[in-house]
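In what follows, a structure is listed as structure tokens, so that the remarks can point back to it.
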Amino acid sequence: MQQLALRWKSLGVKVGFVPTMGYLHAGHLSLVREARQRVGKRGVVVVSIYVNPTQFAPTEDLAKYPRDLKRDLKLCRAEGADVIFTPSDVEMYPGKAAGYYSTYVVEETLGRVMEGASRPTHFRGVTTVVAKLFNIVLPDVSVFGQKDFQQAAIIQRMVADLNFPVKIVIAPTHREADGLAMSSRNKFLDAEQRSQAVILSHALQAAKAAVAKKSISAAKLKSDLQAFFTAAPLGHLDYVEFFDPKTLQPVTQVKRGAQMALAVYFGKTRLIDNAQL
Ligand code: PAF
């Protein structure tokens, strides 16, 4: 893959890159379209499909993470991706099983809160694998989804801090008809959980309405939203936070333009969503 990328570079071919963990849905495919738009017909679009073990804690769903490579390849081809890069664990982390892998990329500020607080080793795995993928694919532009807002902010920070020569594009969240953000993990929801999972996007709408005309203290809005969650008794709120979209610093007073993010468990399935209010 890296040799191919070096050849593209020498020929002046622009490379658009969409890193994924597979089990693709319409949201991923919109990222592939965005990458194509950015590099044009003469550029190449690379999609990576790799379920990265280092971003899963031992207690998390790595083994259960949904996979369907045959279907993913078909979807990528139909969407016009040029290269689908599907490395193995041994290719991505040579020597790891034998204890010879010891280099990680760690962003030290933005990753401490929200997802980072709930999943302490998660972002270290994400930044490490994305840095490795950037070094292999050598993209000019790489597209990430806004659904993983904190991940996108951390990747942007990593790229700026470590001088990666790549432009990061953040594309809007794709939603089901009822508002549920598309996610590969939605497949784990049973019918009742699926119908209650719409509470995440309803909570975002409720918060948006609440701050449309006046600001509210974050503590009051959190407690109002906790009450709101009684409408979805199968959901267990992991966190809801209000913060500055640039710095990710929590705000004590929530007004229009603040960012809200939340994570909710339905059984063992953890869903996240976010929006600018
Ligand atoms: O968002 C994801 O699917 C993953 O975190 C990513 C960026 C592909 C890294 O494994």
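The values are calculated or read from the model by the stated rules, or taken from the named source; none is laboratory data. Computed from a predicted structure; not experimentally measured. FYI the Cβ positions are ideal-geometry reconstructions off the backbone, even for glycines, and counts take in every protein chain you see. To get the accessible areas, we keep the full protein, side chains included, count just its heavy atoms, and leave off ligands, DNA and RNA. Shrake-Rupley method; radii C 1.70, N 1.55, O 1.52, S 1.80 Å.
When Leu75 is evaluated against the numbered criteria (1) open to solvent by less than 30 Å² (accessible area, probe 1.4 Å); (2) away from the ligand (no atom under 14 Å from the Cβ); (3) more than 19 Å from the chain's Cα centre (by Cα), which criterion, by number, is the only one it fails?
(1)
Select from segment 114-164 the residues that are out of contact with any strand residue (DSSP E or B) (no Cβ under 7 Å at 6 or more places or on another chain) and part of a loop (DSSP other than H, G, I, E, B) and write down the one among them that is farthest from Asp89 (Cα to Cα).
Asn163
Is it the case that Arg33 is under 30 Å from Thr247 (Cα atoms) and among the basic types (Lys, Arg)?
When the stated conditions are applied, Arg33 passes them.
Return yes when Ala81 is within 15 Å of the ligand (Cβ to nearest atom), closer than 27 Å to Arg7 by Cβ and out of contact with any Pro (no Cβ under 7 Å at 6 or more places or on another chain) and no when it is not.
Yes: the conditions hold for Ala81.
Can you tell me how many residues in segment 12-38 are farther than 21 Å from Lys187 by Cα and open to solvent by 30 Å² or more (accessible area, probe 1.4 Å)?
Number of matching residues: 8.
Within segment 39-63, track down each residue that is touching a residue at least 60 places away in the same chain (Cβ under 8 Å) and either within 16 Å of the ligand (Cβ to nearest atom) or surrounded by fewer than 17 Cβ atoms within 10 Å (Cβ to Cβ) (or both).
Listed by number, the residues that qualify are Val46, Ser48, Tyr50, Asn52, Pro53, Thr54, Gln55, Phe56, Ala57, Asp61.
Sort through Asp273, Asp238 and tell me the only one that's part of a strand (DSSP E or B), in contact (Cβ under 8 Å) with a residue 40 or more places away in the chain, open to solvent by 10 Å² or more (accessible area, probe 1.4 Å) and not aliphatic (A, V, I, L, M).
Result: Asp238 is the single residue among Asp273, Asp238 that is part of a strand (DSSP E or B), in contact (Cβ under 8 Å) with a residue 40 or more places away in the chain, open to solvent by 10 Å² or more (accessible area, probe 1.4 Å) and not aliphatic (A, V, I, L, M).
Please pick out the residue among Leu31, Leu133 that is at pLDDT 95 or above, within 14 Å of the ligand (Cβ to nearest atom), under 20 Å from Ile170 (Cα atoms) and out of contact with any helix residue (DSSP H, G or I) (no Cβ under 9 Å at 6 or more places or on another chain).
Leu31
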